[in-house]
1. Failed condition for Y196, given (1) of a type in the set (S, T, Y); (2) surrounded by fewer than 23 Cβ atoms within 10 Å (Cβ to Cβ); (3) assigned to a helix (DSSP H, G or I), with all others met?
2. Considering only residues that are open to solvent by 10 Å² or more (accessible area, probe 1.4 Å) and either touching a strand residue (DSSP E or B) at 6+ places or on another chain (Cβ under 9 Å) or without any contact (Cβ under 8 Å) to a residue 60 or more places away in the chain (or both), look in region 222-237 and name the one that is farthest from I54 (Cα to Cα).
3. Could you list, in sequence order, the residues of region 299-308 that are more than 11 Å from L328 (Cα to Cα) and assigned to a helix (DSSP H, G or I)?
4. For region 309-322, which positions are assigned to a helix (DSSP H, G or I) and open to solvent by 50 Å² or more (accessible area, probe 1.4 Å)?
5. Output the residue which, of all residues in region 421-447 that are open to solvent by 90 Å² or more (accessible area, probe 1.4 Å) and not in a helix (DSSP H, G or I), is modelled with the highest pLDDT.
6. Can you say whether L245 is surrounded by fewer than 22 Cβ atoms within 10 Å (Cβ to Cβ), closer than 26 Å to G293 by Cβ and under 19 Å from the mean Cα position of the chain (by Cα), as far as the supplied structure shows?
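The values are calculated or read from the model by the stated rules, or taken from the named source; none is laboratory data. What you see is a predicted model, and the numbers here were worked out from it, not measured in a lab. Here the Cβ positions follow ideal geometry from the backbone for every residue, glycine too, while neighbour counts run over all protein chains shown. We work out accessible area using only protein heavy atoms, side chains counted, and drop any ligands, DNA or RNA first. Shrake-Rupley method; radii C 1.70, N 1.55, O 1.52, S 1.80 Å.
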Amino acid sequence: MSSEMEPLLLAWSYFRRRKFQLCADLCTQMLEKSPYDQAAWILKARALTEMIYIDEIDVDQEGIAEMMLDENAIAQVPRPGTSLKLPGTNQTGGPSQAVRPITQAGRPITGFLRPSTQSGRPGTMEQAIRTPRTAYTARPITSSSGRFVRLGTALFEYIFHHENDVKTALDLAALSTEHSQYKDWWWKVQIGKCYYRLGMYREAEKQFKSALKQQEMVDTFLYLAKVYVSLDQPVTALNLFKQGLDKFPGEVTLLCGIARIYEEMNNMSSAAEYYKEVLKQDNTHVEAIACIGSNHFYSDQPEIALRFYRRLLQMGIYNGQLFNNLGLCCFYAQQYDMTLTSFERALSLAENEEEAADVWYNLGHVAVGIGDTNLAHQCFRLALVNNNHHAEAYNNLAVLEMRKGHVEQIGDLQRSYVAVQKSEAAFPDHVDTQHLIKQLRQHFAML
C-alpha cells in the first residue's frame, strides 16, 4: 500500500476540513499535469468560491446610491403601515421609537447585528465595485449552494462570488437555462440573483416566480421576499412568507423573515410573537433570543430581558455587546452587585472604540442613577475620547454642566418653541415635551 494519498482524494479531504487554500493549490498542481481534468477544475472552483462565500439571502448592503437614487418606489406617498421608508407610528402598544434608540438608517435597534446592517467601507470607488463582498452569514449554507454537481454550476458560483462579475455570470446562467429547455429551476434562481444584484428587481421577480412554479424551495421564497423589500412592498413580502409557511410549516428562516419585516415597520409586538414562534422550532436561535430580550428591556421588563441574555451567555456567546446588555439589565433590575462587573467585562471585550464608547456612556448612566455626578462626568468624557461623534454623551454632559450652573447662553424662547413643536409632531405622547410646551406658554403669557 502506497504511503502517499491520491492527490484528488487529498484535495477533497482538505476541502472537507475547510482548508480551502491548500485544496486550491493542490488542484492547480494536478491541472498543470492534466489540464482537462474536470474533477480538479470543479474542486478548485469550489474551493476558491468557499473562501469568500456569502449567503446572498442574508446579505444585502444598501449603499448610498440605492438610498438616494431609488427609482423603484411604487407610491410617492404610501399609505401608513405599507412602507419601510415611513414605518408609521406604533399602534401596537409596544415601546415607542422615541424611547428606543435607532440606527443611522433610522431603524429601531433590534438587539441583533445582521449582516445587512453592517456597512463595509472599501477605500476607493473602484475597489468597492470590483471587490467581491465578503461577510459571515447568520444562516447555515443553504440548499442553493449544495448543488455543485456539474462543472457549469461550480463555474457559475466562482464567477458570481469570487470574480464578482455579474454580467458574465448572467450570460452563463441564461445559456444554461436555454440548454435545459427552461425546465431547470436552479438556473432560473441564479438568473434572478444576477438581476437582483444589477438592480433589475422586476426581472428578478419574474425569474423567482417562474422557479417557484417549477419547484417550491425555501431559498426561492426568501430571494423573492428580498426583491419585494427592495421595492418597498413589505406587505407583499409578508404575504409571500405566509404562503411559504403553508408549504413549509415551521420553517425558521421564513418565520424570522416575517419578524424582521414587522420590526422594520415598527410593529414590535407582532415581531416578538414571530420570534417566539422561531424559538418553538429552534430554541438556540441567537437572533430571536436577542431580539425578544431587547424588546422586553425597552418594555420596562429588565428582569425578563436578563433571562434571555443569560441564556445567550449559557450558549457560549461571549462578547462585549452581550456583557453591555447584561450590565444595563442588572442595573435597571436593581441587581447592583453584577452591574459593574458586567460593564468591566464589556470594556475588556470591546473590539473597537465605538463599542467602548457605548460602554462608557452606559456607565455614565449608572453613575447618574447612583447620584455620583463627578463619575458620570468622567464616564461621558471617556465615551467622547473613544468616539468623538457620540451625540448622546455630548447631550448628557451639557445637562450635567447645566446642573452645576455653568450656563453660557439662555434665552432664545422663540427658537425653543419652534423646536419643541417639531418634537411634538414627531412624538405626540412624549411627556417631557408637553411639560416644556406648557412652560414656554407660561413665559410667553408673562411677556
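1. (2)
2. T236
3. Step one: list which residues in region 299-308 are more than 11 Å from L328 (Cα to Cα), which gives 299-301, 304, 307-308.
Listed by number, the residues that qualify are I304, R307, F308.
4. Restricting attention to region 309-322, the residues satisfying the condition of being assigned to a helix (DSSP H, G or I) are 309-314, 320-322.
Residues satisfying the conditions are R310, R311, L313, Q314, Q321.
5. Checked region 421-447; the qualifying residue modelled with the highest pLDDT is D429.
6. On the way: surrounded by fewer than 22 Cβ atoms within 10 Å (Cβ to Cβ): yes; closer than 26 Å to G293 by Cβ: yes; under 19 Å from the mean Cα position of the chain (by Cα): no.
Against the criterion (surrounded by fewer than 22 Cβ atoms within 10 Å (Cβ to Cβ), closer than 26 Å to G293 by Cβ and under 19 Å from the mean Cα position of the chain (by Cα)), L245 does not qualify.
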